[in-house]
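The values are calculated or read from the model by the stated rules, or taken from the named source; none is laboratory data. Quick caveat: nothing in here was measured; it's all calculated off a predicted structure. Cβ coordinates were reconstructed from backbone atoms using ideal geometry, including for glycine residues, and neighbour counts include every protein chain displayed. Note: areas computed on protein heavy atoms with side chains; ligands, DNA, RNA excluded. Shrake-Rupley method; radii C 1.70, N 1.55, O 1.52, S 1.80 Å.
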Amino acid sequence: MKIYLIAEKLSHSYSPLIHKMLADYDYELKELMIDELKDFMLERNFDGLNVTIPYKTEVIKYLDELSPEAQKLNSVNTVLNKNGKLIGYNTDYYGFMHMVNQSNIDFNGKKVLVIGNGGASKTIQSALLPKKSIRSILQMITLLCCRLIILCCQTITYSCTKRTKRIRHIVCCLISYQRNTENNPNTNALLAPI
């Protein structure tokens, strides 16, 4: 049985150790550059895959079928090769919901803050969406930090001219970033309630 974890960089992964403790098959790390992904997927020389960044979305175009969750999330973290037919799943959804249920956490009527814009964030948002308790604030934290830094910089005075110039430059860059993100229609869409 050939089972791999595919990604661009995997030196940080403990997956082989975890799979060795939990299962009776070999589990290998397979680092692939984007230009190698297509050939690897078309060869179909594996029984199963775990997929992580940056390929959770990219891998979809090489699959024959998607589970409803993977289709809804447009994100795949598990691929099963069933007699040459590649089927993509998103098991993060079930993993998150299992953890929530095992911990007896009830999100009904609660406000939940999900920070991030990656695959895990989208999965958690999808899991919580039926609870109607979530708002996506993907870049709000960055804007808040920019405003806080600007406020701090405006209240601090330095006697050293070089430091003052450096602070002014940082403030100008942050103000520019803040204006660009506030006026970008894509950013505003991300800040809208789900």
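Looking only at the stretch 10-32, residues that are surrounded by 11 or more Cβ atoms within 10 Å (Cβ to Cβ) and under 20 Å from P54 (Cα atoms) come to 10 in all.
When the residues of the stretch 83-100 are filtered to those that are in contact with a strand residue (DSSP E or B) (Cβ under 8 Å, 6 or more places away or on another chain) and among the polar types (S, T, N, Q), the one that is nearest to A70 (Cα to Cα) is N90. Looking at the stretch 10-21, can you tell me whether even one residue there is closer than 14 Å to G119 by Cβ and under 16 Å from the mean Cα position of the chain (by Cα)? Among the residues of the stretch 10-21, not one is closer than 14 Å to G119 by Cβ and under 16 Å from the mean Cα position of the chain (by Cα), which makes the answer no. For the stretch 53-67, taking the residues that are surrounded by fewer than 17 Cβ atoms within 10 Å (Cβ to Cβ) and β-branched (V, I, T), the one that is farthest from the chain's Cα centre (by Cα) is identified as T57.
Here L128 clears all of (1) modelled with pLDDT of 90 or more; (2) of a type outside the set (D, E, K, R); (3) part of a helix (DSSP H, G or I) except the condition numbered (1). Mind listing whichever residues of the stretch 81-102 are open to solvent by 70 Å² or more (accessible area, probe 1.4 Å) and assigned to a helix (DSSP H, G or I)? Within the stretch 81-102, Y94, H98, M99, N101, Q102 qualify. Identification of helices (runs of 4 or more DSSP H) wholly contained in the stretch 8-80 with 3 or more residues that are more than 25 Å from I124 (Cα to Cα) and acidic (D, E) yields 34-43. Do we find a residue being of a type in the set (G, A, S) and out of contact with any strand residue (DSSP E or B) (no Cβ under 8 Å at 6 or more places or on another chain) anywhere in the stretch 38-51? Scanning the stretch 38-51, I find no residue that is of a type in the set (G, A, S) and out of contact with any strand residue (DSSP E or B) (no Cβ under 8 Å at 6 or more places or on another chain), so the answer is no.
Within the stretch 84-101, which residues are of a type outside the set (A, V, I, L, M), touching a residue at least 24 places away in the same chain (Cβ under 8 Å) and within 14 Å of V59 (Cα to Cα)? Within the stretch 84-101, G88, N90 qualify. Every listed requirement among (1) out of contact with any Leu (no Cβ under 9 Å at 6 or more places or on another chain); (2) acidic (D, E); (3) closer than 23 Å to L66 by Cβ; (4) surrounded by 12 or more Cβ atoms within 10 Å (Cβ to Cβ) is met by D47 save one, (1).
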